[in-house]
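Scroll down for the structure; my scribbles are underneath it.
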Amino acid sequence: MRKTRSRSIVSSFAIHILVLTCSIPLSSPEPNEIDQICKKTPFYDLCTSILNSTPPTPKPDLKTIALLMVTNILSNATDTLSFIEALIKKTSDREMEQALAFCAESYIPVVKYTLPQAAEAISQNRFGFAGYCVSDAVKQVNSCNSKFSGLVSAPLGDRNGIVHKLVDVASAIIKQLLKG
Ligand SMILES: *[C@@H]1O[C@H](CO)[C@@H](O)[C@H](O)[C@H]1NC(C)=O
């Protein structure tokens, strides 16, 4: 008698859990889920500041968030490219001009092809390819950065560093998509 009763308690408990589990919306991060997503990236503060400043509405999934990050990198990198182009026009230092021209050449494909391709790949659920594009963008940014290692002044400030960090965050989010 006692045994039957405890069994029925166990099974009603199981049903309860089942109902609870099913009622959790699987792909709709709430603000604290943005937290969870950003905790799995190397730059939590940067990640949350971007995702909270452009509140993805109404209830975005991980894919929408990845797309948002890539769009953010694209606008940041586009801005950096115009900054580089403006510096090229201003500088009278030949060595500096060459380094900047090299950087512009690194950034142009990133802005024109690599990041738009990453965004397209995400929206088509080709997350592996998106990850590839994004890591290719890092290579370009790094090669620009390396041009200034021998120079005294760093004309781009931390712009390359910021783009690099943004890409690292996007990479980590794409990795979560790949696991999903
Ligand atoms: C680039 O990202 C940095 C860090 O989030 C931000 O401070 C800056 O305003 C961004 N620039 C653009 C053009 O998005």
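The values are calculated or read from the model by the stated rules, or taken from the named source; none is laboratory data. What you see is a predicted model; the values in this text were computed from it and never measured. Neighbour counts run over all protein chains shown; Cβ positions are idealised from the backbone, glycine included. Ligands, DNA and RNA are excluded from the accessible area calculation, which covers all protein heavy atoms including side chains. Shrake-Rupley method; radii C 1.70, N 1.55, O 1.52, S 1.80 Å.
Quick rundown of the values:
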read-out	value
Residues of the range 76-102 that turn out to be at pLDDT below 95 and polar (S, T, N, Q), as a count	3
Complete set of residues in the range 105-135 that are open to solvent by 10 Å² or more (accessible area, probe 1.4 Å) and free of Cβ contacts under 8 Å to residues at least 24 places away in the same chain	Glu105, Lys112, Tyr113, Gln117, Glu120, Gln124, Arg126, Phe129, Tyr132
Search result, residues across the range 162-180 that are without any contact (Cβ under 8 Å) to a residue 12 or more places away in the chain and within 16 Å of the ligand (Cβ to nearest atom)	none
Residue list for the range 143-180, filter: over 17 Å from the mean Cα position of the chain (by Cα), polar (S, T, N, Q) and within 19 Å of Thr41 (Cβ to Cβ)	none
Candidate set: the range 138-161, residues that are in a helix (DSSP H, G or I) and open to solvent by 70 Å² or more (accessible area, probe 1.4 Å); chosen: the one nearest to the ligand (Cβ to nearest atom)	Asn145
Residues being buried (at least 18 other Cβ atoms within 10 Å of the Cβ) and in a loop (DSSP other than H, G, I, E, B) - total across the range 41-65	2
Qualifying residue in the range 66-89 (condition: more than 16 Å from the ligand (Cβ to nearest atom), open to solvent by 60 Å² or more (accessible area, probe 1.4 Å) and within 18 Å of the chain's Cα centre (by Cα))	no
Lone unmet requirement of (1) surrounded by 15 or more Cβ atoms within 10 Å (Cβ to Cβ); (2) more than 25 Å from Leu62 (Cα to Cα); (3) not β-branched (Val, Ile, Thr) for Asp168	(2)
